[in-house]
Amino acid sequence: MTPTASTDAPADERVRVGDVDLRVLRAGSEGEHVLFVHGNPGSADDWHGSMAAVAGTARAIAIDLPDFGETRAPKGFAHSVAAYADFLERAREALGIERVHLVLHDFGGPIGLLWAATHPDAVASVTLIDTGVLPDYRWHILARIWRTPVGGELFQATTTRPAFRFVVNLQEPQTLPRAFLDGMYRHYGRRTRRAVLRLYRATSDPSGMSREVTGRLRELDLPALVIWGEHDAYLPASYAWRQREAFPSAEVHVLATSGHWPFVDAAPTVERLLSQFLAATVDRPVSASSA
């Protein structure tokens, strides 16, 4: 069966998760849940096209992580990978999701994979888009700036809208659409900029974190789709094939003309790969007419 993409914009709502007013986007009304987790910078808005592509197959959900997009973190939130992974579990419970197909990008990868490794019965499949386990990884230049006290604060404070567009496009093989970049910048206020610094400074060793989850995930041998831009300046494309260290049966695609955001610069290809993968992976309920 060929999935039918939805042309409707995702429904935007708020869901209470403890003391957090979580922003949630939803698309699709039948099938299992597909949870989209953004990276940095980013928000649930990153996933509009991808959500529409899978809405005929499953119920797509995207969230703004605490202090990204329109979700405010509670006082004392740790802004660490572990804290965000714990929040994912609380969000899953609040949303009433039993079993989820993960779609992860950028820093959403470490967060989502830590959650998956600690909640194996709740994860059905994983799609990794320029993210995943990162053995022997060394921080990219922007990460090193963000991790530097004072220097990181100065960089964040002087990042204007034109500077933001310039810095992002400088590293990309194709110029990203201005509307997409302006959307990211709109959500990149002081609160999010502080959260970025805290998250990167709380993550001292991505390699160690990868080692922690790789063994647990390998034993599960979950269905996995890996999509990577060959010209990713932040996470080298060589890591695409290394995802099989955690997902032995992974389907791997490296896109020759893409950078760090292939769901933007190669949207039709990514949406086709994602919808085909989920159509083969998601369990659909049997309707009364076909029973």
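Determine, yes or no, whether residue 44 is of a type in the set (A, V, I, L, M), within 15 Å of the chain's Cα centre (by Cα) and either modelled with pLDDT of 95 or more or open to solvent by less than 20 Å² (accessible area, probe 1.4 Å) (or both).
Criteria met by residue 44.
Does residue 159 meet the test of being under 30 Å from residue 257 (Cα atoms), open to solvent by less than 20 Å² (accessible area, probe 1.4 Å) and over 18 Å from the mean Cα position of the chain (by Cα)?
Details: under 30 Å from residue 257 (Cα atoms): yes; open to solvent by less than 20 Å² (accessible area, probe 1.4 Å): yes; over 18 Å from the mean Cα position of the chain (by Cα): yes.
Yes, satisfied.
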Could you list all residues from segment 219-239 that are within 22 Å of residue 200 (Cα to Cα) and without any contact (Cβ under 8 Å) to a residue 24 or more places away in the chain?
236, 237
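If you go through segment 132-155 one residue at a time, do you hit one that is among the small types (Gly, Ala, Ser), in a helix (DSSP H, G or I) and open to solvent by 70 Å² or more (accessible area, probe 1.4 Å)?
Start the filter on segment 132-155 by keeping residues that are among the small types (Gly, Ala, Ser), which leaves 132, 143, 151-152.
If we keep only those that are in a helix (DSSP H, G or I) too, we end up with 143, 151-152.
In the following step, the residues that additionally are open to solvent by 70 Å² or more (accessible area, probe 1.4 Å) were identified as none.
So far as segment 132-155 goes, no, none of its residues is among the small types (Gly, Ala, Ser), in a helix (DSSP H, G or I) and open to solvent by 70 Å² or more (accessible area, probe 1.4 Å).
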Within segment 57-115, the residues that are assigned to a strand (DSSP E or B) and open to solvent by 10 Å² or more (accessible area, probe 1.4 Å) are 59
Looking only at segment 6-31, and only at residues there that are modelled with pLDDT under 95 and surrounded by 17 or more Cβ atoms within 10 Å (Cβ to Cβ), the one that is farthest from residue 280 (Cα to Cα):
10
Wholly within segment 183-286, helices (runs of 4 or more DSSP H) carrying at least 1 residues that are under 17 Å from residue 130 (Cα atoms) and open to solvent by 10 Å² or more (accessible area, probe 1.4 Å)
206-220, 239-242, 262-265, 267-281
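Yes or no, residue by residue, for (1) in contact with a Lys or Arg (Cβ under 8 Å, 6 or more places away or on another chain); (2) of a type in the set (Phe, Trp, Tyr); (3) more than 23 Å from residue 44 (Cα to Cα):
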| residue | (1), (2), (3) |
| --- | --- |
| 184 | no, no, no |
| 191 | yes, no, no |
| 198 | no, no, no |
| 214 | no, no, yes |
| 240 | no, no, yes |
| 244 | no, no, yes |
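Residues checked against (1) more than 26 Å from residue 77 (Cβ to Cβ); (2) of a type in the set (A, V, I, L, M); (3) modelled with pLDDT of 95 or more; (4) more than 18 Å from the chain's Cα centre (by Cα):
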site	(1), (2), (3), (4)
191	no, no, yes, yes
199	no, yes, yes, no
203	no, no, no, no
213	no, yes, no, no
244	yes, no, yes, yes
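The values are calculated or read from the model by the stated rules, or taken from the named source; none is laboratory data. No experiment lies behind these values; they were computed from the predicted model shown. Positions of Cβ are generated from backbone atoms using ideal geometry, with glycine treated the same way; all protein chains shown enter the neighbour counts. The accessibility values were calculated without ligands, DNA or RNA, using every heavy atom of the protein model including side chains. Shrake-Rupley method; radii C 1.70, N 1.55, O 1.52, S 1.80 Å.
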